[in-house]
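Structure, as structure tokens:
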Amino acid sequence: MLIREAAADDWPRIWSFWHRIVAAGETYVWDPDTSEGDARALWMNPAKRVYVVEDDAGALVASAYLTPNYGGPAAGIANAGFMVDPDRGGRGVGRALAEHVLAEAKAHGYRGMVFNAVVETNPAVRLWTSLGFTVLGTVPEAFDHPRHGRVGLHIMYRAL
């Protein structure tokens with residue numbers, strides 16, 4: 001598997017799984033009806049470092065972004081978003097991408113990483129805790145999950 005910085009022409013392949021994940025309404029706080037143009041502006045924003053994962057056949061199977069979570073004196077704390085093609089889950093792609101992005105964050109001078117809204121029923125919570133993230137707090141019943149009803153949103157943090 002190859003992890004590299006994304007190029008502008010990677011977007012259509014990212015969109016192929018991005019829209020399915022967001023439309024499912026189970027793991028992201030973004031509007032499930034986000035248009036392709038708005039999604040591209042959100043994910044491929046020039047202020048973000050965007051990464052992609054290609055499998056051995058050259059298929060793009062995951063993407064992530066890295067960006068400051070705050071500005072000014074707090075700009076040393078990163079934020080990131082991750083998406084793995086649902087058809088490619090459970091094969092270590094998410095872990096490999098997460099480890100890569102954490103290393104990139106540290107190399108770019110970030111002192112920590114925070115996730116502002118991790119849906120508590122998201123299976124990725126196990127991945128994040130295994131990588132050293134802790135739940136700082138949970139906003140109760142903040143997310144209307146299509147299968148589980150109202151569930152909490154975790155705020156998670158890890159020092160780098």
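Which of (1) of a type in the set (D, E, K, R); (2) more than 14 Å from the chain's Cα centre (by Cα); (3) farther than 19 Å from Trp30 by Cβ is the odd one out, the single condition Glu99 does not satisfy?
Here Glu99 clears every test but (2).
Quick one: which helices (runs of 4 or more DSSP H) lie wholly within the stretch 1-111 and hold at least 2 residues that are within 20 Å of Phe133 (Cβ to Cβ) and touching a helix residue (DSSP H, G or I) at 6+ places or on another chain (Cβ under 8 Å)?
In the stretch 1-111, the matching helices (runs of 4 or more DSSP H) lie at 93-107.
Hey, any hits in the stretch 124-134 for a residue that's exposed (fewer than 12 other Cβ atoms within 10 Å of the Cβ) and either polar (S, T, N, Q) or not in a helix (DSSP H, G or I) (or both)?
So far as the stretch 124-134 goes, yes, one or more of its residues are exposed (fewer than 12 other Cβ atoms within 10 Å of the Cβ) and either polar (S, T, N, Q) or not in a helix (DSSP H, G or I) (or both).
Between a residue in the stretch 140-160 that is closer than 14 Å to Ala24 by Cβ and any residue that is basic (Lys, Arg) and part of a strand (DSSP E or B), which pairs come within a Cβ distance under 9 Å, given they are 6 or more apart or on different chains?
Here the result reads Phe143/Arg150; Asp144/Arg150, each pair linking the stretch 140-160 to a residue that is basic (Lys, Arg) and part of a strand (DSSP E or B).
Taken together, the values in this text are just the output of simple stated rules run on the coordinates, not laboratory data. Being a predicted model, the structure only gives us computed values, none of them experimental. Counting neighbours? That spans all protein chains shown, and the Cβs are built from the backbone with ideal geometry, glycine included.
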